[in-house]
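Student: Below: one structure in structure tokens.
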Amino acid sequence: MVKKSSENMVPEVSRAQAFREMLRQKRLKVTSARLAVLEVLANSRHPLTHAEVQAVLKDQVIDPSTIFRNLHDLAEVGLVNRTELGDHVWRFELVQDNHAGSHPHFVCEDCGSVTCLPEAALELDAQRKVEGVGTISQVLLKGQCEDCADKAEPR
């Protein structure tokens, strides 16, 4: 499906076609399962666990092990970021222009929800070498999300 932008009349490729091209460029076979996993990740505002991706795809006939393999294959070729946020659970998110590399995350210590923070939220370079410490590969903030904070406040 090709859409034309009324502003400059340049064809705009559909997201599914863009995913197909991304997979081909990374020399991965284009399958309906891979396209479905990419679509789920593209529609999410935060990193998803394997179980969360599986829950979204529950109505499709995709084996959980296929979803798991696809998440890892996509991460291996750099189309998906794989992050472990201190709870020994891998979370996956689509690599996008606004989150091209590692970016900070906020984890609620009460409910476990994960939120991507905008780069501007921190003044740290997530790939920076720190003298005497090492190289920072990931920034993680923990605290209480707004929902949990609201529940904790006395009325």
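The values are calculated or read from the model by the stated rules, or taken from the named source; none is laboratory data. Because the structure is predicted, anything quoted here is derived from the model rather than measured. Here Cβ is always computed from backbone atoms with ideal geometry, including for glycine, and neighbour counts include all displayed protein chains.
Student: Tell me which residues, restricted to region 88-107, are surrounded by fewer than 11 Cβ atoms within 10 Å (Cβ to Cβ) and at pLDDT 75 or above.
Tutor: Scanning region 88-107 gives a single hit, His88.
Student: Looking only at region 64-72, decide whether some residue is basic (Lys, Arg) and modelled with pLDDT of 95 or more.
Tutor: Let us first name the residues in region 64-72 that are basic (Lys, Arg), namely 69.
Add one more test, that the residue is modelled with pLDDT of 95 or more, and what stays is 69.
Yes, there is a match, as at least one residue in region 64-72 is basic (Lys, Arg) and modelled with pLDDT of 95 or more.
Student: Sticking with this one: Could you tell me which residue of region 44-66 is surrounded by the fewest Cβ atoms within 10 Å (Cβ to Cβ), considering only residues that are of a type in the set (S, T, N, Q) and in contact (Cβ under 8 Å) with a residue 12 or more places away in the chain?
Tutor: Checked region 44-66; the qualifying residue surrounded by the fewest Cβ atoms within 10 Å (Cβ to Cβ) is Gln60.
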